[in-house]
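Participant: Quick one: this structure, given as structure tokens, is what I'll be asking you about.
The values are calculated or read from the model by the stated rules, or taken from the named source; none is laboratory data. Values in this document were obtained by computation on a predicted structure and should not be read as measured data. Note: ideal-geometry Cβ built from the backbone for every residue, glycine included; neighbour counts use all protein chains shown. With ligands, DNA and RNA removed, areas are computed over all heavy atoms of the protein, side chains included. Shrake-Rupley method; radii C 1.70, N 1.55, O 1.52, S 1.80 Å.
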Amino acid sequence: MSRGRISIVGAGPGDPELITVKALRRLEQADVVLYDRLVSDELLRSCLPGTLKIYCGKAPGRHALTQDEIDRLIVDYAKVGHHVVRLKGGDPFIFGRGGEEALAASRAGIDFEVIPGVTSAAGASASAGIPLTHRGTAASFAVVTGSRCGEADTPVRWDLLACGADTLAVYMGVSKLEEIGGELIRHGRDADTPAALIENATTEEERVITGTLGTIARLALAMKVSNPAMLIVGDTVGVRELLYPAELGRQQIG
């Protein structure tokens, strides 16, 4: 049997309608789909009958498969002639480990492609009415993982990020909100800087909690915010209040 191919595909930020046309076509053509935790069931129903679907979800402290096991599976299925789709939430090259999977395919001599998706930072912020950039307010933004906050061996450079970009979009930071806020404030970001948490972005369960860098951790605790949630820090959070004035005052908790 001839060798197959691997498509590393971004599914977008949550709403199944936000997947790209090209990504959906690959999903409909797949023999094998390895999918992540945040991929919607609706997208999986786009697969042909008989498509093998393998769950590869990762939650904090709970991984269905290790990254090495995922890399080995996509290569092994492609080697025997299958079209393998590795389906990931957001964009595969932004905190999706898609680069590692592309390297695994390249080393094995397997044909592969990367199909970008709407990354969670862009999708979540737009859905919540919070521009990442806004004329006169923010001319730059940075995306960063919050899951490494406090790790001595691979620390996040909060000293550079605190004042180095107008807007910050923090992935995987819900469990580290107090530490993240403290680090940013310690390195010069004003505690009164507007901040927002966007939970289950772009889906029917989306919830937006707004406050300040100094209060957002307490608000998250009071409102029982859980993953997946994106933290946005910056003055553009205030644009949401102009777009949706009716929501002002709903979250006045401390």
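Participant: Would you mind finding the one in Gly129, Gly81, Gly90 that is in contact with a Gly (Cβ under 9 Å, 6 or more places away or on another chain), in contact (Cβ under 8 Å) with a residue 24 or more places away in the chain and closer than 24 Å to Gly173 by Cβ? First the steps, then the outcome.
Facilitator: Values: Gly129 fails: in contact with a Gly (Cβ under 9 Å, 6 or more places away or on another chain); Gly81 fails: closer than 24 Å to Gly173 by Cβ.
After applying the criteria, what remains is Gly90.
Participant: Would you say Gly173 is touching a residue at least 24 places away in the same chain (Cβ under 8 Å), crowded, with 18+ Cβ neighbours inside 10 Å and touching a Gly at 6+ places or on another chain (Cβ under 6 Å)?
Facilitator: Numbers: touching a residue at least 24 places away in the same chain (Cβ under 8 Å): yes; crowded, with 18+ Cβ neighbours inside 10 Å: yes; touching a Gly at 6+ places or on another chain (Cβ under 6 Å): yes.
Criteria met by Gly173.
Participant: Right, something else. With of a type outside the set (Phe, Trp, Tyr) and under 16 Å from Val33 (Cβ atoms) as the only criterion, which of Gly146, Gly129, Gly89, Gly99 stands out?
Facilitator: Details: Gly146 fails: under 16 Å from Val33 (Cβ atoms); Gly129 fails: under 16 Å from Val33 (Cβ atoms); Gly99 fails: under 16 Å from Val33 (Cβ atoms).
Only one candidate qualifies: Gly89.
Participant: Go through the residues of the stretch 38-46 one by one and say whether even a single one is open to solvent by less than 80 Å² (accessible area, probe 1.4 Å), hydrophobic (A, V, I, L, M, F, W, C) and out of contact with any Leu (no Cβ under 6 Å at 6 or more places or on another chain). Can you show your working first?
Facilitator: Step one: list which residues in the stretch 38-46 are open to solvent by less than 80 Å² (accessible area, probe 1.4 Å), which gives 39-40, 43-44, 46.
Imposing the further condition that a residue be hydrophobic (A, V, I, L, M, F, W, C) reduces the set to 39, 43-44.
Next, only the ones that are out of contact with any Leu (no Cβ under 6 Å at 6 or more places or on another chain) stay: 43-44.
Yes: one or more hits.
Participant: Can you tell me which of (1) open to solvent by less than 50 Å² (accessible area, probe 1.4 Å); (2) touching a Ser or Thr at 6+ places or on another chain (Cβ under 7 Å) is the one Gly98 doesn't meet?
Facilitator: For Gly98, the failing item is (2).
Participant: Any residue at all in the stretch 214-226 that is under 16 Å from the mean Cα position of the chain (by Cα) and at pLDDT below 95?
Facilitator: yes
Participant: May I ask you to list the residues in the stretch 203-224 that are open to solvent by 20 Å² or more (accessible area, probe 1.4 Å) and of a type in the set (Val, Ile, Thr)?
Facilitator: Thr203, Thr210, Thr212, Thr215 - these are the residues of the stretch 203-224 that are open to solvent by 20 Å² or more (accessible area, probe 1.4 Å) and of a type in the set (Val, Ile, Thr).
Participant: Could you check, for the stretch 140-150, whether at least one of its residues is in a helix (DSSP H, G or I), out of contact with any Leu (no Cβ under 6 Å at 6 or more places or on another chain), more than 28 Å from Gly12 (Cβ to Cβ) and open to solvent by 20 Å² or more (accessible area, probe 1.4 Å)?
Facilitator: Our first condition is that a residue be in a helix (DSSP H, G or I); within the stretch 140-150, this holds for none.
Looking through the stretch 140-150, none of the residues is in a helix (DSSP H, G or I), out of contact with any Leu (no Cβ under 6 Å at 6 or more places or on another chain), more than 28 Å from Gly12 (Cβ to Cβ) and open to solvent by 20 Å² or more (accessible area, probe 1.4 Å).
Participant: Please enumerate the residues belonging to the stretch 47-71 that are assigned to a helix (DSSP H, G or I), more than 15 Å from Ile6 (Cα to Cα) and open to solvent by 20 Å² or more (accessible area, probe 1.4 Å). Lay out the reasoning, then the answer.
Facilitator: Step one: filter the stretch 47-71 for residues assigned to a helix (DSSP H, G or I), giving 67-71.
Now drop any that are not more than 15 Å from Ile6 (Cα to Cα), which leaves 67-69.
Those that are assigned to a helix (DSSP H, G or I), more than 15 Å from Ile6 (Cα to Cα) and open to solvent by 20 Å² or more (accessible area, probe 1.4 Å): Asp68, Glu69.
Participant: Please determine whether any residue of the stretch 180-189 is surrounded by 16 or more Cβ atoms within 10 Å (Cβ to Cβ), outside any helix (DSSP H, G or I) and under 23 Å from the mean Cα position of the chain (by Cα). Explain how you work it out, then say what you get.
Facilitator: We begin by selecting, within the stretch 180-189, every residue surrounded by 16 or more Cβ atoms within 10 Å (Cβ to Cβ); these are 180-185, 189.
Going one step further and asking which of them are outside any helix (DSSP H, G or I), we end up with 189.
Next cut, under 23 Å from the mean Cα position of the chain (by Cα) only: none.
Checked the stretch 180-189: no residue is surrounded by 16 or more Cβ atoms within 10 Å (Cβ to Cβ), outside any helix (DSSP H, G or I) and under 23 Å from the mean Cα position of the chain (by Cα).
Participant: Give the residues of the stretch 161-179 that are outside any helix (DSSP H, G or I) and of a type in the set (Ser, Thr, Tyr), sorted by residue number. Explain how you work it out, then say what you get.
Facilitator: The first filter runs over the stretch 161-179 and keeps only residues outside any helix (DSSP H, G or I), leaving 165-173.
Those that are outside any helix (DSSP H, G or I) and of a type in the set (Ser, Thr, Tyr): Thr167, Tyr171.
Participant: Tell me, which residue of the stretch 72-95 that is under 15 Å from the mean Cα position of the chain (by Cα) and open to solvent by less than 10 Å² (accessible area, probe 1.4 Å) is nearest to Ala229 (Cα to Cα)?
Facilitator: So in the stretch 72-95, the residues under 15 Å from the mean Cα position of the chain (by Cα) come out as 87-95.
Filter once more, keeping what is open to solvent by less than 10 Å² (accessible area, probe 1.4 Å): 87-88, 90, 92.
Values: Leu87: 20, Lys88: 16, Gly90: 13, Pro92: 18 Å.
My answer is Gly90.
Participant: I'd like the full set of residues that are among the aliphatic types (A, V, I, L, M), closer than 19 Å to Glu241 by Cβ and either modelled with pLDDT under 95 or more than 20 Å from the chain's Cα centre (by Cα) (or both), limited to the stretch 124-153.
Facilitator: Residues of the stretch 124-153 that are among the aliphatic types (A, V, I, L, M), as a first pass: 124, 126, 128, 130, 132, 138-139, 142-144, 152.
Pick out the ones that are also closer than 19 Å to Glu241 by Cβ and you get 124, 126, 128, 130, 132, 138.
Ala138, the sole residue that qualifies.
Participant: Which count do you get for residues in the stretch 197-246 that are out of contact with any Ser or Thr (no Cβ under 6 Å at 6 or more places or on another chain), in a loop (DSSP other than H, G, I, E, B) and touching a residue at least 24 places away in the same chain (Cβ under 8 Å)?
Facilitator: Final tally of qualifying residues: 11.
Participant: Let me ask something additional. So for the stretch 28-40 (the condition being assigned to a helix (DSSP H, G or I) and out of contact with any Lys or Arg (no Cβ under 9 Å at 6 or more places or on another chain)), does at least one residue qualify?
Facilitator: First pass over the stretch 28-40, keeping only residues assigned to a helix (DSSP H, G or I): 28-29.
Then keep just the ones that are out of contact with any Lys or Arg (no Cβ under 9 Å at 6 or more places or on another chain); that gives 28-29.
The answer is yes; a qualifying residue exists.
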